[in-house]
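These notes concern the structure reproduced below.
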Amino acid sequence: MSLLVCNEYKSPNYNIRKNLDLIDTVIIHYTGMRNAKTALNYLCNKKSKVSAHYFINEEGKLWQIVEDKNIAWHAGVSKWLDRKNLNETSIGIELENPGHQHGYKEFTFDQYEMLEKLINSLINKYNIKIDRILGHSDIAPSRKTDPGEKFRWHRLAEKNISIWPKNILNLPEDIYSDKLLYNLLSSIGYDVKNHYKDSIMAFKRRFMPSDLNENINEALLKVAYSVNLEFTKVRSLY
């Protein structure tokens, strides 16, 4: 797949990646800044000490500001399943959006269109599995809320580039428990040992965006059980 990539912005904030074969994850972010120019300048400023590989503005224009062969500084302190420091094994994609601090809003049709093309390209290039298409809040739930509850993960799942439960399954009432939720979120990949409550919120932002509270109830357990089944199915194939 050929993508029209702009290269006028380049970030000095990266390390050398030892092996391209290590790439197996995509992390989706929002910029959390008022406009694209401010975000691009920040990501390319040596003093900021942050970067990403790709940036997509509201019009769907794509920039590559760090080469895939290098480690961009986008994930920070992070954990998913048994892996820490996901910078080393991931590609970071920033989407222009003011975020929760500056008037969080819906992502645009053009952003989704370009993002889907880019993710498909990365999947094909690096053999990335769809259970490794993640949000920043998935891997750093106590620090980050992006891409947030307005990001349409179900749209990506419809294009077979992310996970979304096909059905919400019923469970026997006698197995509802806090321990069950803990185990389900841990199985999916969240760092519940260190960030249990924040992992619940990160999970809800992604899979239950209309129910953003910390309540552990029947609906949450059903969704978590159904989501875990989807992750388990995908992982059983490799």
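We did not get these values from a lab; they are worked out from the coordinates using the rules stated. Note that this is a predicted model, so its numbers are computed, not measured. Methodologically, a virtual Cβ is constructed for each residue, glycine included, from the backbone with ideal geometry; neighbour enumeration extends over all protein chains shown.
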(request) Show me 214-224, 141-151 ranked by packing, highest mean number of other Cβ atoms within 10 Å first. (result) 141-151, 214-224
(request) Sum up the lysine pairs in region 161-238 that clear both bars: alpha-carbon distance under 16 Å and a spacing of 8 or more or different chains. (result) 6
(request) Among D68, D131, rank each residue by its count of other Cβ atoms within 10 Å, from fewest to most, as a rough exposure measure. (result) D68, D131
(request) Sort out for me the Cα centre separation of region 185-238 from region 63-86, rounded to whole Å. (result) 22 Å
(request) Take E116, project a point 7 Å from its Cα along the Cβ direction, then tell me which residues of region 181-217 have their backbone nitrogen under 20 Å from it. (result) 206-207
(request) Can you check what the net charge comes to around R155, using other residues whose Cβ is under 12 Å from the Cβ of R155 (Lys, Arg +1; Asp, Glu -1)? (result) -1
(message) Quick check: the angle from helix 109-126's long axis to the longest principal axis of the chain, C-alpha only, nearest 10 degrees?
(response) 90 degrees
(request) Run the dipole for region 1-118 about the Cα centre, Lys and Arg Cβ at +1, Asp and Glu Cβ at -1, nothing else charged, and hand back the magnitude in debye, nearest 20. (result) 640 debye
(message) At 0.36 nm per residue, and after removing the present C-alpha to C-alpha distance, how many nm does the segment from C6 to L237 gain when stretched out fully?
(response) 79.6 nm
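Only bridges whose two residues both fall in the chain count here: according to DSSP, what percent of them are antiparallel, nearest 5?
Values: 8 of 22 bridges.
Around 35 percent of the beta bridges assigned by DSSP in the chain are antiparallel ones.
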(message) Can you compute the charge dipole magnitude of the chain about its Cα centre, using +1 on each Lys and Arg Cβ and -1 on each Asp and Glu Cβ, nothing else charged? Give it in debye, rounded to the nearest 20.
(response) 660 debye
(request) Please work out how much length the chain gains when fully extended from K46 to E106, using 0.36 nm per residue of separation minus the C-alpha to C-alpha distance, in nm with one decimal. (result) 18.6 nm
(message) As a test of the formula, what do you get for the chain when each DSSP H run with n ≥ 4 contributes -39,500 (n - 2.57) and the sum is divided by the residue count, at 222 nm and rounded to the nearest 500 deg cm²/dmol?
(response) -10500 deg cm²/dmol
(request) Set Lys and Arg Cβ to +1 and Asp and Glu Cβ to -1, take the dipole of the chain about its Cα centre, and tell me which of Y196, G92, I216 lies farthest positive. (result) G92
(message) From the P(r) of the chain, could you give the percentage of C-alpha pairs in the tail past 30 Å?
(response) 22 percent
